[in-house]
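Only the coordinates and a few stated rules stand behind these numbers; no lab work does. Just so we're clear, the structure is a prediction, and the values are computed from it rather than from any experiment. Here Cβ is always computed from backbone atoms with ideal geometry, including for glycine, and neighbour counts include all displayed protein chains.
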Amino acid sequence: MKRQVPVHSIGYKPFEKSLAPSRARAIPWVSVMIGSCLTAIPVIATVPLLPPAGLLMLLSWRLLARFSLRHWAAGPLGFFDDLVSGQPLGSAVLLWSFSFILIEMIEARLVFRDFWQDWLIAGGAIALCLILGRFLALPIGTHVDGVLWAQIVITAMLFPLTARLVAWIDRKRGDQ
Amino acid sequence: MAPARDRRTGFSRRRQYSIFVSYVLAVAGAIVGAVLLVVSTFNPPAFAALRMAVASVTAPVSSAFAAAIGGVASIPEGIGHYFFVQRENAELRDVLKRQNALVLRARAVVVENRHLHTLLRVRDRSADTVVVARLVSSTGSSGRRFALLNAGRWDGVRPGMPVRAADGLVGRVLETGPSVARVLLLSDSESMVPIRRTRDGLPAVAAGRGDGRVDVRAVSGTNVRFQPGDFFVTSGVGGLYAPGIPVAKLDVGGIDSVPTGTLATPDSLDIATVERAFMPMPPAPAATP
């Protein structure tokens, strides 16, 4: 569907070329992978406080522009995230797919949503992925629980920011 | 947001099937993830080649970033040095004067040590440096503590080699790619290094806690008392780390198990040295027919 821009508005550009469909479909994938690659910043962290930006981008795309990613996109994107994140391979594949299925189930029941509900759903998915990821990667006795809560809060607080970013990218690429 | 009417399939068989297949694929993705997780739990190095292939792309990017940040950060530092150079000069001269006596005594000790070694006929393996490289990035969002080293198989780095800095042990090489290697830091929850107390040779292990520190645990018996200021170096047990590499110094005392920071702090680390494994594993015995 083409977005309807009013003729008497500044955003009305009738002769602008729209993005090629293949490229427009690739943009969400690429942006999630760039988010995953944020672990490449040159800091040797002693505590795991860096928010999982790949997951944030994925959730933002899923919740804000639900047709931008296929239902099965979480699996391959999670595989790439596992390659760069240091988690055991398969943990993000499992958890990201799982949160996609969960969001799908919530969406079937909670049809009228606002941004607040989106934020809540994203917060739940982030907490789920981080907590389960911690138990998949580390033994029970590891002393990371305080840091884990801090990481969950930081990540959930960053969701509006990535939502803005995703909305901006989505507006630029145009609806397909 | 209004409900998604576009997801309704209507009477189109094609749309119905394609939506159904995409749901099946989504669930299949989760199942594949679970299988991969089991495989990587029981065989951690299974996907090392894939990980290292991705890392060889990200590592140059990280080191370029680090160089750029370092260049900008060094400007105010350079200005500061310019103004305080006089005072610093005087201080350094003072330090040199004080250290001189210490150096002389150390030299005497070295000579004496060599004599005693020849008397005892102890054969010391010297730890040779394989390569000196930078740690460029780490797993900042995961609970595991890995760092990426900017040198790999082409530089002679092999899995199992110890990595150290000037002030102490950093960890060991876990996986290697052509030009990058993944280092297991001391603070990772699966890192375990045999150490001994310098004061009396008390054996202990430094087990990673996952929060940037290690637990120093006594291994010989119970009710072992640790004092603040106790200094621990690698013991060489296990043959991976050469004996005598500094590991940790206790800030607080305790009994049996004390958490402490490591001497080499990877977050402020510039350059790390990869050394040959102290006593490499003997070759596997030939299969007898």
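Where the second residue is of a type in the set (Lys, Arg) and not in a helix (DSSP H, G or I) and the first is within 13 Å of another protein chain (Cβ to nearest Cβ) and surrounded by 13 or more Cβ atoms within 10 Å (Cβ to Cβ) and lies in segment A:140-164, which pairs have Cβ atoms under 7 Å and are six or more apart or on separate chains?
Final answer for the pair search is A:Thr142/B:Arg209; A:His143/B:Arg209.
Those residues that are buried (at least 24 other Cβ atoms within 10 Å of the Cβ) and either assigned to a loop (DSSP other than H, G, I, E, B) or not small (Gly, Ala, Ser) (or both), I need them from segment A:58-83; list them, please.
Once the filter is applied, which keeps residues that are buried (at least 24 other Cβ atoms within 10 Å of the Cβ) and either assigned to a loop (DSSP other than H, G, I, E, B) or not small (Gly, Ala, Ser) (or both), segment A:58-83 yields A:Leu58, A:Leu59, A:Trp61, A:Arg62, A:Leu77, A:Asp81, A:Asp82.
Anything in segment B:185-212 that is within 9 Å of chain A (Cβ to nearest Cβ) and of a type in the set (Lys, Arg)? List them, or say none.
Across segment B:185-212, the qualifying residue is only B:Arg209.
Taking the stated definitions as given, is A:Pro51 under 12 Å from the mean Cα position of the chain (by Cα), buried (at least 20 other Cβ atoms within 10 Å of the Cβ) and within 7 Å of chain B (Cβ to nearest Cβ)?
Taking the combined requirement at face value, the residue satisfies it.
Name the strands (runs of 3 or more DSSP E) wholly within segment B:135-176 that hold at least 3 residues that are within 18 Å of B:Gly238 (Cα to Cα) and more than 14 Å from chain A (Cβ to nearest Cβ)?
Once the strands (runs of 3 or more DSSP E) in segment B:135-176 are filtered for at least 3 residues that are within 18 Å of B:Gly238 (Cα to Cα) and more than 14 Å from chain A (Cβ to nearest Cβ), what remains is B:168-176.
Quick check on segment A:111-119. Is at least one of its residues under 24 Å from B:Ala34 (Cβ atoms), in contact with a helix residue (DSSP H, G or I) (Cβ under 9 Å, 6 or more places away or on another chain) and buried (at least 20 other Cβ atoms within 10 Å of the Cβ)?
No, that holds for no residue.
Do we find a residue being away from chain A (no Cβ under 14 Å), within 30 Å of the chain's Cα centre (by Cα), assigned to a helix (DSSP H, G or I) and surrounded by 11 or more Cβ atoms within 10 Å (Cβ to Cβ) anywhere in segment B:86-105?
Within segment B:86-105 (the criterion being away from chain A (no Cβ under 14 Å), within 30 Å of the chain's Cα centre (by Cα), assigned to a helix (DSSP H, G or I) and surrounded by 11 or more Cβ atoms within 10 Å (Cβ to Cβ)), the answer is no, since none of the residues qualifies.
For segment B:183-213, which positions are assigned to a strand (DSSP E or B) and surrounded by fewer than 23 Cβ atoms within 10 Å (Cβ to Cβ)?
Result: B:Leu184, B:Met192, B:Pro194, B:Arg196, B:Arg197, B:Pro203, B:Val205, B:Ala207, B:Arg213.
Taking segment A:84-107, which residues are facing chain B (nearest Cβ under 9 Å) and surrounded by fewer than 20 Cβ atoms within 10 Å (Cβ to Cβ)?
Hits for segment A:84-107 are A:Ile101, A:Glu104, A:Glu107.
Assess whether B:Leu25 counts as being facing chain A (nearest Cβ under 9 Å) and in a helix (DSSP H, G or I).
Answer is yes for this residue.
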